Protein chains: 2
Amino acid sequence: MSRTHRFALSPSRILFGPSLLPKYAAVTQLRWQSTVNSKASKEKRTNFNGLTGNEKKFNPTSETYPDIQRYSKFAKVTPEHVEFFQSLLGKETAVIDGVSKDAYSDLESFNEDWMRKYKGQTKLVLKPISTEEVSKILKYCNENMLAVVPQGGNSGLVGGSVPVFDEIVINMSRMNAIRSFDDVSGALVVDAGCILEIADEFLIKKNYIFPLDLGAKGSCQIGGNISTNAGGLRLLRYGSLHANVLGIEAVLPDGTILDDLSIMRKNNTGYNLKNLFIGAEGTIGIITKASILCPQRSSAINVAFFGLESYEKVQEAFREAKTQLSEILSAFELMDRSSQEAVSFVTKNNRPLEGEYPFYCLIETSGSNPEHDSDKLSKFLEFAIEKEMICDGVLAQDETQIKNLWSWRERIPESLGHWGGVYKYDLSIPINDLYALVNDVRKRVENADLIGDSNNYPVSAVAGYGHMGDSNLHLNVATRWYDKKVENLLEPYVYEWVGERKGSISAEHGLGLAKRKYIQYSRSSTMIRLMKQIKNLYDPNGIMNPYKYI
Amino acid sequence: MSRTHRFALSPSRILFGPSLLPKYAAVTQLRWQSTVNSKASKEKRTNFNGLTGNEKKFNPTSETYPDIQRYSKFAKVTPEHVEFFQSLLGKETAVIDGVSKDAYSDLESFNEDWMRKYKGQTKLVLKPISTEEVSKILKYCNENMLAVVPQGGNSGLVGGSVPVFDEIVINMSRMNAIRSFDDVSGALVVDAGCILEIADEFLIKKNYIFPLDLGAKGSCQIGGNISTNAGGLRLLRYGSLHANVLGIEAVLPDGTILDDLSIMRKNNTGYNLKNLFIGAEGTIGIITKASILCPQRSSAINVAFFGLESYEKVQEAFREAKTQLSEILSAFELMDRSSQEAVSFVTKNNRPLEGEYPFYCLIETSGSNPEHDSDKLSKFLEFAIEKEMICDGVLAQDETQIKNLWSWRERIPESLGHWGGVYKYDLSIPINDLYALVNDVRKRVENADLIGDSNNYPVSAVAGYGHMGDSNLHLNVATRWYDKKVENLLEPYVYEWVGERKGSISAEHGLGLAKRKYIQYSRSSTMIRLMKQIKNLYDPNGIMNPYKYI
């Protein structure tokens, strides 16, 4: 084991040098700044569409999902409707009108999701500037049976934020103000359309951070984050949005303004209605404002990256990290060999560790005292090596190295997409079973002779990675082309596997259009019935984000 | 200032010696083990009833609240009903029957709350042992229009857990099993009737703790804690039950079993119905099981107690503590001079500090490394003294001293009750205004010439204390006798004051019977209407805990 005692022998002996390090724009964007939403990556994004088998063509959702029919109860948008909205919203840029004239290209970015998997056919986009405008829009739509899709940053992964047919898009981007911040309590009040990164940058100047961080932070909006109950990277430490959203203001389909914008941490006066809207994916109302409890910024960040020889050792290391790092542990990320091979192959970057291991973990600590944190982390790493929990590892020495180590986690999704497209599953699984699914799926694909290194095989890799600290596995099956045989091997197998273990078939991505059919693997028929009751209570006409969710 | 630099000069120079320290039963009960729920204190509990003006007599709620009339829609319990329940529940001890025979004294403890402020008149108590039994009970009650009151440990402060008239009590004490615990993820599954302290002791053996701690831990039940969204002492560090309850199983009034007992931290598949039941006070269903995310136990606990010269200094100290102590800060409690004078007067204990100050604070840190934590706390205290934020202070040197310092916070409620009774207000107020209410109320009472040291004055003290870290103030007006003039001075003044500042008129105690009339000071008419809609959806017959909540 002496070869691998890199932590114990000399923490400064780390492998990667300055020449290998990418340049990063801002000090505040420590990591995870995935390129998927950037303009550059949009241009070279893959056209893979797992549902059509067509790698080039990007068909409307109505064609890729032929089982979904437009509800005849909904009215079609007429020039008279457009006129009403124009007189309501005033400003010309607030209404993109494809009804009275041709506006196909102006409407495109509102109709399509960033993955180019879902394409709607709306001819009308509305951009309200105030809660009152949202209220009047919804009231009018409800009375006139006009279906709508609330839209934030349109960075979701399940097709929830674009229309299926001609639903009117209510885009929240103009409602983007930061309303107030209390630097004693940490309570922030923002408009729903405020971009996550802008709020985070505002907070960093006040020595606070937003309790949520995720890849799409540069484009996603806080209203959308709350509507989809986004999980992301800070959940292990700061908890979910159910923990951190102090209050919301939302507009119901009939125009009612639900005003629950408290900045108090405690308020035991009646039902917690706001929680219904956290994760409701715009199906019962539109969130227009939110108040959020923000934690103080940690002055010390440390990151370690290490290799382990089995999933049992991963669990041991996780348990030990929770004990020894306790209050400063802010991330415990799992990556398997396949995921790291993909990153290495695509990026050509030097690997952080010399040897190859079946599993890799990335630990991050965030605390208020650099010396104390380094001391805790070093002790943990020494202990973990001594007990043979981990085989080899490196400890970042500065911020650039922190970013470099994180890149081995954050670049997995794009790297796995290199061969064509990826079947992506975002699952909660009890921690002791977490990785067993990846093994089972890989075996299944191998047994069917569908995986291999040459172009004769549809599957190039079966990889597992994710937020170990949250029991959240991302299972990715990377493919060279769409093959019904692969899909049939995976579905409903994966959902059944997760359902049997009482996991979740959508841990953090939500249901949207993509997962709506699979909810029964995570929820009983009673729960689904009770959820439909709620939908019906708030949206009896069903105008809010139809064809999706439950 | 040199006299007061006790922290800086010598942390070991603390005032209280072993002779002054009370004996404590268990190492695990570090603090806050208020005596109010103990048998001894029950015997000498005050009979004060702020609503009747009668210090001796303890009237039924129906008399103290003459405005509440029994709903004629509810059936009266007949011997036939009792027979049904007896055949359903089997065991004789599962049904306390005051319908077919005289069982007044057996029913007493289920009819009365521990403060002896609320007294119901039930003649039937049911103690189910399983979810299926709860389901059958509720279905039968719903079909027969029999009103019910779900009852946990009956330790609430707002009269929510006892009947008003003859509602059937469904007592959860027999459903008290600990179902499972995952020592990697920290997910605990328990029956609703499990006593908080028993769960906490179970967890301590596993090196975990329950994320909630409060005075009544020895008698309150976890189902009741969740139903009332109990706040307590660990909220600052671990968040509310909305953050920590992973799942619930609950029975709806029609007998439907809502099965949402996930042990996963993430599950974005549909509406978050469970959150509706957190804080619903048994008005839409009965929680029967819960899964809770538990944090690991901190090996290091430190407590400091100090005096400050103004509320501005308190705020400065709080802000600084959040920055310097950050991830290890687990309590920041505020106590004013009046509250400490009361404790000193009643307990006759030596004060922790020599001088008197307008404000005192207690800070607790919990972390994984004793040396690191002591170092952080000492540095903070040195800094705070140097910057003249705090005047004087002591740092506990061992567990006994920790308990002693905590006793100056925990014994406030009983000490203020010494003169007769207390008007208690549990309020959320934006932190910069938090203490202004106490000053305003004191002035108001002084101006009306109602406060004084002699027995000629009804009011003996106006005191403020509470969970500063959560913006949660406990305003207590200690009185010698009930006086309508005092009540008229306080109400609705206090509620209006809080309402104007968008605070909460019930931060953690809930609405129950006591606060149901004041909800409009914390919630708009729209919110109240939407809440009533939820009540009506789940409990159209209104059988669940009637006369209370909204």
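The values are calculated or read from the model by the stated rules, or taken from the named source; none is laboratory data. This is a predicted model, so every value here is computed, not measured. FYI the Cβ positions are ideal-geometry reconstructions off the backbone, even for glycines, and counts take in every protein chain you see.
What are the pairs with Cβ atoms under 6 angstrom where one residue, in region B:534-550, is facing chain A (nearest Cβ under 9 Å) and the other, located anywhere, is assigned to a loop (DSSP other than H, G, I, E, B) and among the aromatic types (Phe, Trp, Tyr)? Sequence gap at least six, or different chains.
These pairs meet every condition: B:534/A:271.
Based on this model, can you work out whether residue B:330 counts as in contact with a strand residue (DSSP E or B) (Cβ under 9 Å, 6 or more places away or on another chain), touching a residue at least 40 places away in the same chain (Cβ under 8 Å), crowded, with 20+ Cβ neighbours inside 10 Å and away from chain A (no Cβ under 11 Å)?
Here the answer is no, as residue B:330 does not meet what is asked.
For region B:435-466, name all the residues that are within 20 Å of the chain's Cα centre (by Cα) and either surrounded by fewer than 24 Cβ atoms within 10 Å (Cβ to Cβ) or away from every other protein chain (no Cβ under 14 Å) (or both).
Selection gives B:463, B:464, B:465.
Taking the options A:300, A:280, A:342, name whichever one is closer than 30 Å to residue A:542 by Cα and either surrounded by fewer than 24 Cβ atoms within 10 Å (Cβ to Cβ) or of a type outside the set (Asp, Glu) (or both).
Sole residue among the options that is closer than 30 Å to residue A:542 by Cα and either surrounded by fewer than 24 Cβ atoms within 10 Å (Cβ to Cβ) or of a type outside the set (Asp, Glu) (or both): A:280.
Based on this model, can you work out whether residue B:303 counts as over 30 Å from residue B:133 (Cα atoms), out of contact with any Cys (no Cβ under 9 Å at 6 or more places or on another chain), assigned to a strand (DSSP E or B) and β-branched (Val, Ile, Thr)?
Yes, satisfied.
Quick one: count up the residues across region A:362-383 that are part of a helix (DSSP H, G or I) and either within 14 Å of chain B (Cβ to nearest Cβ) or closer than 15 Å to residue A:326 by Cα (or both).
Going through region A:362-383 one residue at a time, the tally reaches 13.
Give me a count of the residues in region B:208-228 that are modelled with pLDDT of 95 or more, within 14 Å of chain A (Cβ to nearest Cβ) and surrounded by fewer than 24 Cβ atoms within 10 Å (Cβ to Cβ).
2
Being farther than 30 Å from residue A:425 by Cβ, of a type in the set (A, V, I, L, M) and touching a residue at least 12 places away in the same chain (Cβ under 8 Å) is true for just one of A:88, A:157. Which residue is that?
Just a single option satisfies the conditions, and that option is A:88.
Give the residues of region B:401-414 that are modelled with pLDDT of 95 or more and either over 30 Å from residue B:379 (Cα atoms) or of a type in the set (Ser, Thr, Tyr) (or both), sorted by residue number.
Hit for region B:401-414 is B:407, nothing else.
Does residue B:235 qualify as being buried (at least 24 other Cβ atoms within 10 Å of the Cβ) and within 14 Å of chain A (Cβ to nearest Cβ)? Please lay out each step first, then the result.
Details: buried (at least 24 other Cβ atoms within 10 Å of the Cβ): yes; within 14 Å of chain A (Cβ to nearest Cβ): yes.
So residue B:235 passes the test.
Against the condition within 25 Å of the chain's Cα centre (by Cα) and modelled with pLDDT under 95, how does residue B:319 come out, does it pass?
Spelling it out, it is not the case that residue B:319 is within 25 Å of the chain's Cα centre (by Cα) and modelled with pLDDT under 95.
Can you tell me which residue in region B:149-203 is nearest to residue B:297 (Cα to Cα), limited to those that are within 14 Å of chain A (Cβ to nearest Cβ) and β-branched (Val, Ile, Thr)?
B:184
Testing residue B:271 on (1) touching a residue at least 12 places away in the same chain (Cβ under 8 Å); (2) surrounded by 23 or more Cβ atoms within 10 Å (Cβ to Cβ); (3) within 11 Å of chain A (Cβ to nearest Cβ), one condition comes back false. Which one is that?
Every listed condition holds for residue B:271 apart from (1).
Among the numbered criteria (1) surrounded by fewer than 23 Cβ atoms within 10 Å (Cβ to Cβ); (2) of a type in the set (S, T, N, Q); (3) under 26 Å from residue B:270 (Cα atoms), which one does residue A:144 miss?
Condition (3) is where residue A:144 drops out.
State whether one or more residues within region B:401-423 are hydroxyl-bearing (Ser, Thr, Tyr), within 14 Å of chain A (Cβ to nearest Cβ), within 20 Å of the chain's Cα centre (by Cα) and not in a helix (DSSP H, G or I).
No, there is no match, as no residue in region B:401-423 is hydroxyl-bearing (Ser, Thr, Tyr), within 14 Å of chain A (Cβ to nearest Cβ), within 20 Å of the chain's Cα centre (by Cα) and not in a helix (DSSP H, G or I).
Among the residues of region B:204-249, count how many are small (Gly, Ala, Ser) and farther than 22 Å from residue B:513 by Cβ.
The total comes to 5.
Quick check on residue B:511: is it in contact with a strand residue (DSSP E or B) (Cβ under 6 Å, 6 or more places away or on another chain), crowded, with 22+ Cβ neighbours inside 10 Å and within 14 Å of another protein chain (Cβ to nearest Cβ)?
No: the conditions fail for residue B:511.
Of the residues in region A:97-148, how many are over 25 Å from the mean Cα position of the chain (by Cα), farther than 20 Å from residue A:70 by Cα and in a loop (DSSP other than H, G, I, E, B)?
Qualifying residue count, region A:97-148: 7.
From A:506, A:524, which residue is within 7 Å of chain B (Cβ to nearest Cβ) and under 30 Å from residue A:321 (Cα atoms)?
A:506
What single numbered condition from (1) more than 10 Å from chain A (Cβ to nearest Cβ); (2) part of a loop (DSSP other than H, G, I, E, B); (3) within 22 Å of residue B:180 (Cβ to Cβ); (4) among the small types (Gly, Ala, Ser) fails to hold for residue B:255?
(3)
Taking only pairs six or more apart or across chains, which ones have beta-carbon atoms under 6 Å, a first residue in region B:428-455 that is under 20 Å from residue A:264 (Cβ atoms), and a second residue that is of a type in the set (Val, Ile, Thr)?
Hits for this filter: B:431/A:184; B:441/B:462.
Out of A:286, A:292, A:278, which single residue is of a type outside the set (Gly, Ala, Ser), away from every other protein chain (no Cβ under 14 Å), under 30 Å from residue A:185 (Cα atoms) and under 22 Å from the mean Cα position of the chain (by Cα)?
Every option except A:286 fails the conditions.
Any idea how many residues of region A:258-288 are in contact with a helix residue (DSSP H, G or I) (Cβ under 9 Å, 6 or more places away or on another chain), part of a loop (DSSP other than H, G, I, E, B) and β-branched (Val, Ile, Thr)?
Qualifying residue count, region A:258-288: 4.
Mind counting the residues in region B:467-490 that are surrounded by fewer than 20 Cβ atoms within 10 Å (Cβ to Cβ) and within 14 Å of chain A (Cβ to nearest Cβ)?
Total satisfying the criteria: 0.
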